[in-house]
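Laboratory data are not the source of any read-out in this text; all were calculated from the coordinates shown. The shown structure was predicted, so the numbers you read here are calculated from the model rather than taken from an experiment. All Cβ positions, even for glycine, are placed from backbone atoms using ideal geometry, and neighbour counts span all protein chains on display.
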């Protein structure tokens with residue numbers, strides 16, 4: 001399967017370089033990395049002019065403009081569809097690593113799939129384990145990458161590798177067929193410019209269009225967690241996105257959160273009292 005990974009980034013960290021190497025080690029994979037300029041930074045001399053550099057199957061896009069996460073993703077995804085012609089897209093954060101170097105092989109993705117997520121250590125309802133703190137924010141056990149990977153192997157031994165149907169898929173990294181993303185109209189840059197909430201919004205729009213969203217339990221992705229925003233800022237952004245989702249989708253969003261949580265917990269037993 002020809003899969004293109006679209007990764008927006010601000011800095012070329014060691015983790016990002018490792019992940020790109022992991023992806024490109026698999027035949028048929030390509031990467032479109034989109035450079036975002038931090039807000040308030042000195043604008044580049046040729047800001048607004050899209051530059052493309054390519055090394056093998058790695059494509060680097062930069063326009064010297066502060067775009068934000070969602071616009072960066074859309075820029076990279078549109079470019080990838082036009083120039084790479086992939087069978088599958090993966091929209092991926094810059095702060096993840098594929099545990100053990102194992103890249104999901106999703107050639108058997110159900111034909112009716114909208115978004116397809118994977119299991120992670122920090123991914124809301126599709127985490128290995130999670131709970132809530134006194135503010136209702138997600139909290140996670142303090143696993144290291146090796147311990148979390150071992151925990152995932154035990155999970156697969158217990159419940160098997162399967163596509164688990166859920167209403168909502170977390171946006172740190174998900175797979176989607178290009179024509180599905182085009183049909184849905186890409187990520188919403190106006191309502192969710194920072195990325196928060198864009199994943200659940202797209203999940204609900206996919207569901208409305210007749211697709212089914214899934215979490216693939218057979219592979220595990222280590223999510224380092226946001227480096228550019230502290231806990232307080234993340235909470236503010238999450239609350240703002242939650243309000244926008246309720247405003248747009250109403251009771252459908254509330255029901256989808258409940259069903260996603262229940263289905264994940266019923267099949268993986270991942271909810272814990274951690275607060």
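Quick rundown of the values:
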| item | result |
| --- | --- |
| Rounded to whole Å, sorted largest first: equivalent-ellipsoid semi-axes of region 1-94, Cα gyration tensor | 22, 14, 11 |
| Burial ordering of 79, 216, fewest other beta-carbon atoms within 10 Å first | 79, 216 |
| Degrees between helix 231-249 axis and first principal axis of the chain (Cα, 0 to 90, nearest 10) | 80 degrees |
| Degrees, to the nearest 10: 145-159 long Cα axis against longest axis of the chain | 50 degrees |
| Sequence of 273, 150 once ranked by neighbouring C-beta atoms within 10 Å, starting from the fewest | 273, 150 |
| Bridge type composition, region 3-268 - antiparallel percent by DSSP, nearest 5 | 45 percent |
| Likely footprinting exposure, 102, 261, 108, fewest C-beta neighbours within 10 Å first | 108, 102, 261 |
| Dimensions in Å of region 3-268 - Rg and Dmax from alpha carbons | 17.6, 56 |
| Of all DSSP beta bridges in region 1-99, antiparallel share, percent nearest 5 | 25 percent |
| Helix-only [θ]222 nm of the chain, DSSP H runs n ≥ 4, -39500 (n - 2.57) each, per residue, nearest 500 | -11000 deg cm²/dmol |
| Average Cα contact separation per residue, region 3-268, under 8 Å, 6 or more apart, as relative contact order % | 22 percent |
| Within a Gaussian network of the chain (alpha carbon springs, distance under 10 Å), most fluctuating of 128, 58, 50 | 50 |
| Gaussian network model of the chain, Cα within-10 Å springs - most flexible of 203, 30, 107 | 107 |
| Peptide ranges 204-212, 116-124, 157-165 listed from the most packed, as the mean C-beta count within 10 angstrom indicates | 116-124, 204-212, 157-165 |
| For region 40-114 versus region 149-185, the gap between their alpha-carbon centres in whole angstrom | 18 Å |
| Crossing angle, helix 251-268 versus the chain [Cα axis fit, 0-90 degrees, rounded to tens] | 70 degrees |
